[in-house]
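J.: So that we are looking at the same thing, I have put the structure below in structure tokens.
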């Protein structure tokens, strides 16, 4: 459904809101993947280490994906980045398996990893897992399946988690209506080893005006959950939603649609979790646009949407959740021939169109999944294929 939606948007978009420019940047390939599994984005861990999940299932060789770590070289050594496979999914005996999705693992300060798969597990519909680092360098990581998703009307659906005060919150594409749900996972009392975590369904989407296929969530300081839905909404083009805890213990959370995407030039099909600004505003991306939602002023009820940028032509298919640093927004935009890594900057005068800068254009390769921008402004990401010799995807770095 997403591919059909993206192609339709690409054909329907209007003119670009602001002219783009090409930056003078330094681009290098950090690591070239080799195998049937393909990288699906990266997230940052302690000490500049990158972590990610790959997807398998491209052939009959039994590749089910794995969790990897990319370690930078010692500063000043001139060495290469090194990959360590932390866990290989088997799809057997309750273990997960992962196909092409948008997995964004969570890495804690002690290097514990929480993540999801969109297949495998006890019921064949995916898992939430934990990976504990070894006590000594070079030892084996320990995987624990915290939860196996139940049978669903929507197999191989998207799934992701965030970690807040020791509790996991996430989205999954299943649910009673097959339109997705938001859930909570808590460790059992005492957190004894080998005991599954306790799952609570916070909200199940019906696929109607309340949205469908949640694509990622974020939690505000007020304890509310905000997220993007790829479908549903008032016209079926997706929505931005808010979940508020119920005043009744154990009852589903209360959902409110903050904005329904109209499609066409204003975009549709939410991608990834939104970014919550300090003033409560939300920034997010659709398949073809980047937008801002401003909370209602005192006495009002409606949130205000501002279209920051529309992508057209060769930049018509966004392929990563956005990240934000120092007021600028970063992401990737693709077509079937390559992709651009872009930076969007607000107008200097405080009003007017945002300006796009193309940090790098990749040809004959395809981006996928989360990207990272560090404190120095360097950007890290992965491709599904190319531009390396083996054509199995690479991890790259773009320095300003």
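Any read-out appearing in this document is the output of simple, stated calculations on the displayed coordinates, not a laboratory observation. All values derive from a computational prediction rather than experimental measurement. Neighbour counts run over all protein chains shown; Cβ positions are idealised from the backbone, glycine included.
J.: For the pair residue 44/residue 108, report the inter-label distance in nm, with labels modelled 7 Å from Cα in the Cβ direction.
T.: 2.0 nm
J.: Right, next: Order these by the 10 Å Cβ neighbour count, fewest first: 37, 392, 137. Before the final figure, lay out the partial values.
T.: On the way: 37 25, 392 20, 137 6.
Exposure proxy ranking, most exposed first: 137, 392, 37.
J.: Now, a different point. Using Cβ contacts closer than 10 Å as the measure, can you line up 221, 87 from fewest to most? Don't skip to the end; give the middle numbers.
T.: Values: 221 8, 87 20.
Arranged by neighbour count, lowest to highest, 221, 87 become 221, 87.
J.: Share of antiparallel DSSP beta bridges in the chain, in percent to the nearest 5? Please list the in-between numbers first.
T.: Details: 109 of 114 bridges.
Among the beta bridges of the chain, antiparallel pairing accounts for roughly 95 percent.
J.: Over the Cα atoms of the stretch 44-325, compute the convex hull volume and normalise it per residue, giving Å³. Could you put the intermediate results ahead of the total?
T.: Values: hull volume 47.7 nm³, N = 282.
Looking at the stretch 44-325, the number lands at 169 Å³ per residue.
J.: Work out how much length residue 390 to residue 144 would gain on full extension: take 0.36 nm times their residue separation and subtract the Cα-Cα distance, in nm to one decimal. Can you show the working numbers first?
T.: Details: separation 246, 0.36 × 246 = 88.56 nm, distance 3.27 nm.
Here the answer is 85.3 nm.
J.: Follow-up. Taking only DSSP H segments of four or more residues, each worth -39500 (n - 2.57), what value at 222 nm results for the chain once the sum is divided by all its residues, to the nearest 500 deg cm²/dmol? Kindly include the intermediate steps, with their values, before the conclusion.
T.: Working: 1 runs with 11 residues, N = 400.
Rounded to the nearest 500, the figure is -1000 deg cm²/dmol.
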